[in-house]
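Undergrad: Below is a structure I'd like to ask you about.
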């Protein structure tokens, strides 16, 4: 049995489960002990265990058992209940005093589902800065409005049904931020956390990497976006040295329920998105042509996949970070079709297409 690391984060534990599954598929005996936490694998010899095909949710369950919890959900709830910054701030929270007096608009009624949080944040902040841009166009510009994709180690089922499109929620669009700068005419800066460093010392990571960037943005009068705090995105309009230092609003707040509040969830976030100087803006016609070309290349797995071609013309960020862990287009369709063709498939489906 293992002890949870100091200041554990669900994001890091999810990555640990994916890494464990990857090691198991590679035949690493180091992963066998944790998988044997599952009753169906507990008595299997190594050669029989190596022939099994566990799914990610089973590996998560085995990992939760290894950490001494009855289920992944109970471990997740425990981690969420922990304070990330017990040493940074006083135990009592002071009144909310955002540096920027702005309540971001709520999610429009015509979009009842969960929006891509950071794209919605980009839309709202740039509109506040006087830049004409909309959510649907941005989704097309980053390629996510056209391409089905998912993480390579992810399970293809959600609640027992085929998952045919959770792509609007994902971070693949970070690759296209250089292009979005040209579309919007505004510099976009992203700060991405090293999850191993976060796990070892979240206080230091927040104070050295995130807080200075947030304060600089707020001092310039521009809100920023915190990506993946408790699996949600927030527009940040203030920060202080309280137990929960970030102040802002969730980008998926419903219309009519808008409110700026202290974000009482683990920090630091996975990433920050900040906005800088003005840049030359390309025409909408030019942008549409480039976005369609990128979408076609993604669909045929020529950006991420077996047939990777030179990508200099797309000027992608973080390309190598996504190259090994994501499947796109035809790969995704093939994966989902394989689930539909299984004899025990019920015929139901789960869809989050927008």
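The values are calculated or read from the model by the stated rules, or taken from the named source; none is laboratory data. Being a predicted model, the structure only gives us computed values, none of them experimental. All Cβ positions, glycine included, derive from the backbone under ideal geometry; neighbour counts span all protein chains shown.
Undergrad: Checking residue 4 against (1) in a helix (DSSP H, G or I); (2) closer than 25 Å to residue 202 by Cβ: exactly one of these is not met. Which one?
TA: Going through (1) in a helix (DSSP H, G or I); (2) closer than 25 Å to residue 202 by Cβ one by one, residue 4 breaks only (1).
Undergrad: Now, a different point. So which helices (runs of 4 or more DSSP H) stay within segment 7-50 end to end and still have 2 or more residues that are more than 30 Å from residue 197 (Cα to Cα) and in the same structural domain as residue 197 (by TED's automatic domain parsing)?
TA: On the way: elements: 10-25, 32-35, 46-50.
The helices (runs of 4 or more DSSP H) meeting that bar number zero.
Undergrad: Under 7 Å by Cβ, and 6 or more places apart or on different chains, what pairs join a residue from segment 295-311 that is over 20 Å from residue 141 (Cβ atoms) with one that is part of a helix (DSSP H, G or I)?
TA: 301/329; 301/330; 301/331; 305/331
Undergrad: While we're here: Scan segment 307-344 for residues that are in a loop (DSSP other than H, G, I, E, B) and more than 24 Å from the chain's Cα centre (by Cα) and jot them down. Reasoning before the result, please.
TA: We begin by selecting, within segment 307-344, every residue in a loop (DSSP other than H, G, I, E, B); these are 307-311, 315-318, 324-325, 341-344.
Hits for segment 307-344 are 307, 309, 310, 341, 342, 343, 344.
Undergrad: Checking residue 186 against (1) more than 21 Å from the chain's Cα centre (by Cα); (2) at pLDDT 95 or above; (3) surrounded by fewer than 19 Cβ atoms within 10 Å (Cβ to Cβ), which test does it fail?
TA: Condition (3) is where residue 186 drops out.
Undergrad: Here's a follow-up. If only one of 276, 256 is at pLDDT 85 or above, in a strand (DSSP E or B) and exposed (fewer than 15 other Cβ atoms within 10 Å of the Cβ), which one is it? Break it down into steps so the answer makes sense when it comes.
TA: Details: 256 fails: in a strand (DSSP E or B).
Residue meeting the stated conditions: 276.
Undergrad: Looking at residue 291 and the list (1) under 30 Å from residue 77 (Cβ atoms); (2) touching a residue at least 60 places away in the same chain (Cβ under 8 Å), which single condition is not satisfied?
TA: Against the list (1) under 30 Å from residue 77 (Cβ atoms); (2) touching a residue at least 60 places away in the same chain (Cβ under 8 Å), residue 291 comes up short only on (1).
Undergrad: Mind telling me which of the residues 25, 18 ends up being buried (at least 16 other Cβ atoms within 10 Å of the Cβ), at pLDDT below 90 and more than 30 Å from residue 243 (Cα to Cα)? I'd like the intermediate steps shown before the answer.
TA: On the way: 25 fails: buried (at least 16 other Cβ atoms within 10 Å of the Cβ).
Testing whether each residue is buried (at least 16 other Cβ atoms within 10 Å of the Cβ), at pLDDT below 90 and more than 30 Å from residue 243 (Cα to Cα) leaves just 18.
For every residue, the table says whether it meets (1) farther than 18 Å from residue 272 by Cβ; (2) at pLDDT below 95; (3) more than 21 Å from the chain's Cα centre (by Cα).
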residue: 101; (1), (2), (3): yes, no, yes
residue: 105; (1), (2), (3): yes, no, yes
residue: 111; (1), (2), (3): yes, yes, no
residue: 115; (1), (2), (3): yes, yes, no
residue: 122; (1), (2), (3): no, no, no
residue: 128; (1), (2), (3): no, no, yes
residue: 132; (1), (2), (3): yes, yes, yes
residue: 135; (1), (2), (3): yes, yes, no
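Undergrad: While we're looking at this one, here's another question. Determine whether segment 291-302 contains at least one residue that is at pLDDT 90 or above and under 24 Å from residue 189 (Cβ atoms).
TA: Looking for residues that are at pLDDT 90 or above and under 24 Å from residue 189 (Cβ atoms), one finds at least one in segment 291-302, hence yes.
Undergrad: Take the residues in segment 197-225 that are touching a helix residue (DSSP H, G or I) at 6+ places or on another chain (Cβ under 8 Å) and at pLDDT below 95, then tell me which one is surrounded by the most Cβ atoms within 10 Å (Cβ to Cβ).
TA: Here is the first cut: in segment 197-225, the residues touching a helix residue (DSSP H, G or I) at 6+ places or on another chain (Cβ under 8 Å) are 197-199, 204-205, 222-225.
Then keep just the ones that are at pLDDT below 95; that gives 197-199, 204-205.
Numbers: 197: 13, 198: 25, 199: 21, 204: 11, 205: 20.
By that ranking, first place goes to 198.
Undergrad: Is it the case, given these coordinates, that residue 198 is outside any strand (DSSP E or B), within 16 Å of the chain's Cα centre (by Cα) and either touching a residue at least 12 places away in the same chain (Cβ under 8 Å) or closer than 22 Å to residue 105 by Cβ (or both)? Spell out how you get there, then give the answer.
TA: Working: outside any strand (DSSP E or B): yes; within 16 Å of the chain's Cα centre (by Cα): yes; either touching a residue at least 12 places away in the same chain (Cβ under 8 Å) or closer than 22 Å to residue 105 by Cβ (or both): yes.
Yes; evaluated as a whole, the condition is true for this residue.
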